[in-house]
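See structure below.
The values are calculated or read from the model by the stated rules, or taken from the named source; none is laboratory data. On a predicted model such as this, the values are computed, not experimentally measured, just so you know. Neighbour counts run over all protein chains shown; Cβ positions are idealised from the backbone, glycine included. Keep in mind that these areas ignore ligands, DNA and RNA; they rest on the heavy atoms of the full protein, side chains included. Shrake-Rupley method; radii C 1.70, N 1.55, O 1.52, S 1.80 Å.
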Amino acid sequence: MPVFALSEELVFPPPRLAAADGLLAVGGDLSGERLLLAYRMGIFPWYSEGEPILWWSPDPRLVLYPREFRIPRSLAKVIRRADFTVSMDQAFQEVIGECAQVRRESGEGTWIVPEMLEAYCGLYRAGVAHSVEVWREGRLAGGLYGIALGRSFFGESMFTRVTNASKVALAALVSHVQALAFDLIDCQVTTGHLMRLGAREIPRERYLEDLAHSLRGQFRPGRWAFDEDAFAGAFSDTSDKAQRPKRSRGRGRE
């Protein structure tokens, strides 16, 4: 399949026309309007410094349905012991910066180039992008960030400085979006780590159908507030089977 060249016009080709590796288009910009259109169509940007903007829609797609989240017994114990404290939308720029820095330190390189960081911080200010921060002894130990639209959360990246911190961040996200009746967490690209925690690959066609259904749900931009009590009670079952976070009223979005 051809790779499409984008112009200044705010439009994408249908994601079903992506190449075999998921690459759909090149070019365009990282304006908030274009980014949100991309997510609504099942497309996301992913490129390295020195490259043009690349837009992807892979097949299959890695998705975590919140009720299928699988938490190891050891992590449930970490959560119950309160080894970490968790917040949401309190240190977005620090989280995205750490996601980039940890990858650079590991020699992997990063797609979170300066213009990407600026674009997603703009979406955070608009109440569309969100972060989960995990703290230990007053220092940022791990976290993740992504985009919320409809009843879907589009995960962008996570990092950890302390063992289990990123897993705690994911568990907190699952608990929170479960309380908000979200349908899915888009993990984008397959990793064994996420599959062990309950994520699974689905065909792109199925993903696009699930996404269209989810986007019909109510969406209210705004900061998220973390409900510590709901999180503490969400993973009380310590078995190694798939854990289903309990519904809680929570505080949701402010």
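So which residues in the stretch 113-148 are touching a Ser or Thr at 6+ places or on another chain (Cβ under 8 Å) and part of a loop (DSSP other than H, G, I, E, B)? Scanning the stretch 113-148 gives a single hit, 113.
No other residue among 22, 42, 28 is at positive phi, modelled with pLDDT of 95 or more and open to solvent by 20 Å² or more (accessible area, probe 1.4 Å) apart from 28. Is the stretch 83-100 home to any residue that is polar (S, T, N, Q), open to solvent by 30 Å² or more (accessible area, probe 1.4 Å) and modelled with pLDDT under 95? Scanning the stretch 83-100, I find no residue that is polar (S, T, N, Q), open to solvent by 30 Å² or more (accessible area, probe 1.4 Å) and modelled with pLDDT under 95, so the answer is no.
What do you reckon, is residue 150 open to solvent by less than 10 Å² (accessible area, probe 1.4 Å), small (Gly, Ala, Ser) and either over 27 Å from residue 202 (Cα atoms) or touching a strand residue (DSSP E or B) at 6+ places or on another chain (Cβ under 9 Å) (or both)? Here the answer is no, as residue 150 does not meet what is asked.
So which residues in the stretch 65-94 are under 16 Å from residue 195 (Cα atoms), touching a strand residue (DSSP E or B) at 6+ places or on another chain (Cβ under 7 Å) and not in a helix (DSSP H, G or I), if there are any at all? The one that is under 16 Å from residue 195 (Cα atoms), touching a strand residue (DSSP E or B) at 6+ places or on another chain (Cβ under 7 Å) and not in a helix (DSSP H, G or I): 65.
Quick one: is residue 81 free of Cβ contacts under 8 Å to residues at least 12 places away in the same chain and within 26 Å of residue 234 (Cβ to Cβ)? When the stated conditions are applied, residue 81 passes them. Considering 209, 205, the condition of being at negative phi, in contact (Cβ under 8 Å) with a residue 24 or more places away in the chain and either within 17 Å of the chain's Cα centre (by Cα) or open to solvent by 60 Å² or more (accessible area, probe 1.4 Å) (or both) is satisfied by 205 alone. Scanning the stretch 178-193 for residues that are in contact (Cβ under 8 Å) with a residue 24 or more places away in the chain, part of a helix (DSSP H, G or I) and either open to solvent by 20 Å² or more (accessible area, probe 1.4 Å) or closer than 30 Å to residue 21 by Cα (or both) turns up just one, 179. Those residues that are surrounded by fewer than 21 Cβ atoms within 10 Å (Cβ to Cβ) and either small (Gly, Ala, Ser) or in contact with a Phe, Trp or Tyr (Cβ under 9 Å, 6 or more places away or on another chain) (or both), I need them from the stretch 113-124; list them, please. Selection gives 113, 119, 121, 122, 124.
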